[in-house]
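Data first, discussion second: the structure below is written as structure tokens.
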Amino acid sequence: MPELPEVEVVRAGLAPAVTGARVCGVTVHDERALTRHPGTGADFEARLTGRTIRAAVRRGKFLWLPLVPVPGEEPVCVVAHLGMSGQLLLRSTGAPQERHERVRLDVQHPDHGELAVVFADQRTFGSLAWDTLVPTPDGAAGAGGDDPAVPTQVAHIARDPLDPLFDDSVFRAALTRKRSAIKRVLLDQTVVSGIGNIYADEALWAARIHPEIVAASLSSRAARRLLAEVRDVLAKALAEGGTSFDAQYVNVNGQAGYFAHSLNAYGRTGEPCPRCGHPLVRVSFTNRSSHFCARCQKRPE
DNA sequence: AAACCAACCTGACTGC
DNA sequence: TGCAGTCAGGTTGGTT
């Protein structure tokens, strides 16, 4: 379930279960889930076993679990990315293996007892990895009111639009320097993080902006409107538990989100635009699809 | 430096 | 029933 709202739903579900919990066992079923881990599966298991989780933190679509420090060691964490089909599930200890289970952490929580944290991932684009925490590039606090640190793998990722320290004027200034299509810029995680194909299409539809307009050609007013719509759609989707089209995209308890019912453009090819009634179109774009209303979202001649 | 594309995977669905 | 082709929520690393 992998754009900002879905990852935040997972983070929020994970946090109370893992904060303060001790990892008493790690099982790597499939090393393809560790493509971003610097060592083998056995190395991952050995490093993590016996450690205590301090929090569950997110930036954009990345999620990480900082570990309680060991004296003399640099700050470390387990960093997770769900890719296209990754899930983090909370299960009872000893629960049967999930269909696409790749890694299992058995944890012991001082208040909640034993629990299994299962990483399942059909397409294996997601991953878990051991990583060190480094100071945030801007020196300010990381996500979730945590300390000013991010995993090295996340250092290049911009703050997301729901981060209180996201700088709107820096974002708008970046747009004026980009000659590529506005949708491509929205999907560039080094400019603004957390937005994927669904919410890019939804925000552009809401702001009445054609996805292929050159970013730099947007007026300051249009850029402000777009950012406001990005925030609005992310917040609404989060409130609805995220977007689920099938059983792949679920929270830590395996439940789907409801936002698919509220989509205005994404996946609605041929249906009438909810605003003007003109049929929505799907256009191939960057090896994926854009959905929009050609009447409401005019491309300049 | 910025922009683009192929590659990494599995599974569901469509049309012949 | 089978088989080929298409599509799916993302990121990276290499090439222009």
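The values are calculated or read from the model by the stated rules, or taken from the named source; none is laboratory data. This structure is a prediction, so every number in the text was calculated from the model and none was measured. Every residue, glycine as well, gets a Cβ built from its backbone with ideal geometry; the counts of neighbours run over all protein chains shown.
Tabulated data
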quantity	calculated
Qualifying residue in the range A:97-110 (condition: farther than 18 Å from residue A:254 by Cα and crowded, with 22+ Cβ neighbours inside 10 Å)	yes
Qualifying residue in the range A:93-100 (condition: out of contact with any Gly (no Cβ under 6 Å at 6 or more places or on another chain) and within 16 Å of DNA strand C (Cβ to nearest atom))	yes
Residues satisfying the stated conditions in the range A:267-297, i.e. within 16 Å of DNA strand B (Cβ to nearest atom) and among the aromatic types (Phe, Trp, Tyr)	A:285
Inter-residue pairs, beta-carbon under 9 Å, first under 19 Å from residue A:230 (Cα atoms) and in the range A:262-284, second assigned to a loop (DSSP other than H, G, I, E, B) and within 16 Å of DNA strand B (Cβ to nearest atom), 6+ apart	A:267/A:245; A:274/A:268
So residue A:300, is it farther than 30 Å from residue A:101 by Cα, at pLDDT below 95 and more than 16 Å from DNA strand B (Cβ to nearest atom)	yes
Lone unmet requirement of (1) small (Gly, Ala, Ser); (2) within 16 Å of DNA strand C (Cβ to nearest atom); (3) touching a strand residue (DSSP E or B) at 6+ places or on another chain (Cβ under 8 Å) for residue A:60	(3)
Residue in the range A:102-110 that is more than 30 Å from residue A:294 (Cβ to Cβ) and under 20 Å from the mean Cα position of the chain (by Cα) present	yes
Test: residue in the range A:289-300 that is among the aromatic types (Phe, Trp, Tyr), closer than 18 Å to residue A:5 by Cβ and touching a strand residue (DSSP E or B) at 6+ places or on another chain (Cβ under 7 Å)	no
Checklist (1) touching a helix residue (DSSP H, G or I) at 6+ places or on another chain (Cβ under 8 Å); (2) more than 12 Å from DNA strand C (Cβ to nearest atom); (3) farther than 30 Å from residue A:98 by Cβ applied to residue A:272, failing item	(1)
